[in-house]
1. In the stretch 27-67, which residue that is under 15 Å from Arg104 (Cα atoms) and among the charged types (D, E, K, R) is most open to solvent (accessible area, probe 1.4 Å)?
2. Does the stretch 91-105 hold any residues that are at pLDDT below 90 and either β-branched (Val, Ile, Thr) or open to solvent by 50 Å² or more (accessible area, probe 1.4 Å) (or both), and which are they?
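The values are calculated or read from the model by the stated rules, or taken from the named source; none is laboratory data. Fair warning: this is a prediction, and the values are worked out from it, not measured in the lab. Protein only, heavy atoms only, side chains kept; ligands, DNA and RNA dropped before computing areas. Shrake-Rupley method; radii C 1.70, N 1.55, O 1.52, S 1.80 Å.
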Amino acid sequence: MNNPNWRRAAVFSVVFCTLLVVFGCGPSIKGTYSSTSGTMTLELRSGGKASFTMMGETQECTYTVSGKNIHLTCGKNETDFNIMDDGSLTSKSPFIGATFGALRKTK
């Protein structure tokens, strides 16, 4: 137990595991995002499942994340969102983006 190599290995292991936890688990995209007016809500759940509510109508959807992009599929409709540095989502659709603005995480 007084072997310096063993101590070095133990310290390295603790530091390595701590770094994995801190940097390996980035911010989760899962949660509920809403427009400022509250007329549009996007709930991203685990397993690629989502709910998209716009003007009182809710659709069950699926989503995938690739880098800083979210691809949302609701039935035959598809749309993409950018994940901004502040964690908000902006739609690549001119209609959705201009009408509702950025979606901010509420839950």
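1. So the residue we want is Lys30.
2. Looking only at the stretch 91-105, we keep the residues that are at pLDDT below 90, and these are 91-102.
The answer is Lys92, Pro94, Phe95, Ile96, Ala98, Thr99.
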